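Structure first, then comments.
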């Protein structure tokens, strides 16, 4: 855990599995952060303005989310979403939020 502006931050482990598609990496990160924060798909859908079915498709890597959609998800979590593109290493996805996130 780190500190930023007087808040204790919690960080999810960066998500990247070799040969995993970007949409799978993003979906896995959303699902793991949602479970870590104790949120249901239904509640995440309510907070992000999506349907529960759309959240399920996202979490299972069945759709490629846009940046505006990922911003809505991050806002619903009250967390920062970090996406890093590393040449030769692919993409990593990490959520970072305060201990009292959602």
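Scan the stretch 85-94 for residues that are in contact with a strand residue (DSSP E or B) (Cβ under 6 Å, 6 or more places away or on another chain) and either buried (at least 16 other Cβ atoms within 10 Å of the Cβ) or farther than 14 Å from residue 23 by Cα (or both) and report the count.
Total satisfying the criteria: 4.
Out of the stretch 58-71, which residues are outside any loop (DSSP other than H, G, I, E, B) and surrounded by 16 or more Cβ atoms within 10 Å (Cβ to Cβ)? Can you show your working first?
If we filter the stretch 58-71 for residues that are outside any loop (DSSP other than H, G, I, E, B), which is where we start, we get 58-59, 67-71.
Scanning the stretch 58-71 gives 58, 59, 69, 70.
Quick one: count up the residues across the stretch 72-92 that are closer than 23 Å to residue 46 by Cβ and assigned to a strand (DSSP E or B).
Count: 3.
Each value in this text was obtained by applying a stated rule to the coordinates, not by laboratory testing. None of the values given here were measured: they were computed from a predicted structure. As a convention, Cβ positions derive from the backbone with ideal geometry for all residues, glycine included, and neighbour counts pool all protein chains shown.
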